[in-house]
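Presented below is the structure to which this report refers.
The values are calculated or read from the model by the stated rules, or taken from the named source; none is laboratory data. Worth saying up front: this structure is predicted, and the values here are computed from it rather than measured. So basically every Cβ, Gly included, is an ideal-geometry build from the backbone, and we count neighbours across all protein chains shown. With ligands, DNA and RNA removed, areas are computed over all heavy atoms of the protein, side chains included. Shrake-Rupley method; radii C 1.70, N 1.55, O 1.52, S 1.80 Å.
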Amino acid sequence: MDIALGLFTCLLLTFTLLPLIRHDFWIFRVFDYPRLQKLFLNGLAVVLLLTFYSGNATSKYLQVLLLSINIIYLLWLILPFTPLGKKQVLKATVKDNEKSLSLMIANVLQTNHNTQGCLNEIAKADPDVVILLEANNRWDAETKSLSEKYPFAKKVPLENMYGLLFYSKLELVDTAVHYLVEQDIPSIHTKIKLRNGQLAQFYAVHPTPPAPGENLRSTERDKELLLVADLAKASELPVIVAGDLNDVAWSHTTDLFLKMSGLVDPRRGRGFFNSFNAHYFFLRFPLDHAFISRHFKLQKLKRLNNYNSDHFPIFLQIQLDEHAYAQQQPLMADSDDKEEAQEKKEKI
């Protein structure tokens, strides 16, 4: 029992240390994801050690000490994404429909045949913009009824799990499909005209994850996100970046993206809003995101009901506010961040 507890402690410490190694190989990046799970397991390990460990007292309390430090570190990382954390995006106090935009991000799971369930969720949420990810030709055909309510659209149905369907009630301007890094991984770039006539720049993205069977390294994902960050930073319009980013909200890469783009995360200070995996409650992470420029404040953010996909849909409603830019502060990039971002963008 003592040996098993010792190995358990070593594994938990290793799982926390691996993401600190700035290497693109998937084994170093994937352990960024389960911070809540690691926190729970570290707490469990402390209880087990105090209850069942019968060996040397020094070894016992050294393990408890190391696990306690690990717990404090994980809590420090998680705190910004709880209601105890500071909000990056303030709440809109006066609702103005002319300046607002609502959107629904839904990774539908290409092999999922419950298209009617998805359509029902869209009807209930009634967003201005719908982004359907992992949409193939069947999903395109079976959701064509959306065109009645969403007359503006850009669709890239694909059979490789990376198709995109972009529907909008609001007029789209200068809409284009780009393949920023990989030849078969599209992103949709468009301007959206709000009801008051103001244009906003929108980037819908779905980069590949660092995982066996996808990409063994995070190189492609990181590079695409940082290229989009450059576009967002250079835009003179309010900006929205949304989609399945295949990265958790608290990862080093997401932090780097926010620093380089100047965007803010409405999730911070409010909750995790875990979107994946919908089928396993103990393995859930926030992978579906909407990052916005400081021109917006938040009206509503919530997770919607699942319809047999492996992702929950995410709903966001934001509103332009003339005071928001000065009131909201982004993460700031230092020289090391800029150097790291440049290195990642130059990788092949």
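Express the Stokes-Einstein translational diffusion coefficient of the chain in µm² s⁻¹, to the nearest whole number, given a Kirkwood radius over alpha-carbon pairs, 20 °C and a viscosity of 1.002 mPa s.
So the translational diffusion coefficient is about 101 µm²/s.
Here the accessible area is traced with a 1.4 Å probe on the protein chains. For the chain, carbon and sulfur cover 59 percent of it. Over all distinct Cα-Cα pairs of segment 163-231, the Kirkwood formula returns a hydrodynamic radius of 13.3 Å.
If you place +1 on the Cβ of every Lys and Arg, -1 on the Cβ of every Asp and Glu, and leave all else neutral, what size is the dipole of segment 137-192 about its Cα centre, to the nearest 20 Debye? Each step should come with its number before you reach the end.
On the way: 7 positive and 8 negative charges, 50 e Å.
With Lys and Arg at +1 and Asp and Glu at -1, about 240 debye.
Obtain the radius of gyration and the Kirkwood radius of segment 85-202 from its C-alpha atoms and give Rg over Rh. Present the calculation step by step, with values, prior to reporting the outcome.
Values: Rg = 15.3 Å, Rh = 15.3 Å.
Expressed as Rg/Rh, it is 0.99.
May I ask for the net charge around Y179, where only other residues with Cβ less than 12 Å from the Cβ of Y179 are counted and Lys, Arg are +1 while Asp, Glu are -1? Net charge in that neighbourhood comes out at -4. Each 10 Å bin from 0 upward holds the following percent of the Cα-Cα pairs of segment 95-149: 22, 54, 18, 6. Student exercise: in segment 119-255, how many lysine pairs 8 or more apart or on different chains have Cα atoms under 18 Å apart? Count of close lysine pairs: 17.
Of the peptides 209-216, 234-241, 165-172, the ranking by mean beta-carbon count within 10 Å, highest at the top, reads 165-172, 234-241, 209-216.
Around L48, what is the net charge, scoring Lys/Arg as +1 and Asp/Glu as -1 over all other residues with Cβ under 12 Å from its Cβ? Intermediate values should be presented prior to the final figure.
On the way: positive: K60; negative: D2.
Residues close to L48 contribute a combined charge of 0.
Gap in Å between the Cα centre of segment 1-42 and the Cα centre of segment 150-200? With segment 150-200 and segment 1-42 each reduced to a Cα centre, they are spaced 38 Å. Lys/Arg Cβ at +1, Asp/Glu Cβ at -1, dipole of the chain taken about the Cα centre: which of N277, H23, V181 is farthest positive-ward? Selected residue: N277. Each Lys and Arg Cβ is given +1 and each Asp and Glu Cβ -1; about its Cα centre, the chain then shows a dipole of about 1060 debye. Helix screen, the chain: DSSP H segments with Cα axial length of 24 Å or more and mean Kyte-Doolittle hydropathy at least 0.0 are 35-52, 57-78.
Using the per-residue mean of other Cβ atoms lying within 10 Å as a proxy for protection, in what order, highest first, do the peptides 324-334, 116-126 fall?
116-126, 324-334
How much accessible area per residue does the chain have, counting only protein heavy atoms and a probe of 1.4 Å, in square angstrom? Intermediate values should be presented prior to the final figure.
Working: 15300 Å² over 348 residues.
Value returned for the chain: 44 Å² of accessible area per residue.
According to the calculation over all Cα-Cα pairs in segment 192-348, the P(r) per 10 Å bin from zero is 10, 39, 35, 15, 1 %. On the principal axes of its alpha-carbon atoms, segment 240-315 has extents of 34, 27, 20 Å, going from largest to smallest.
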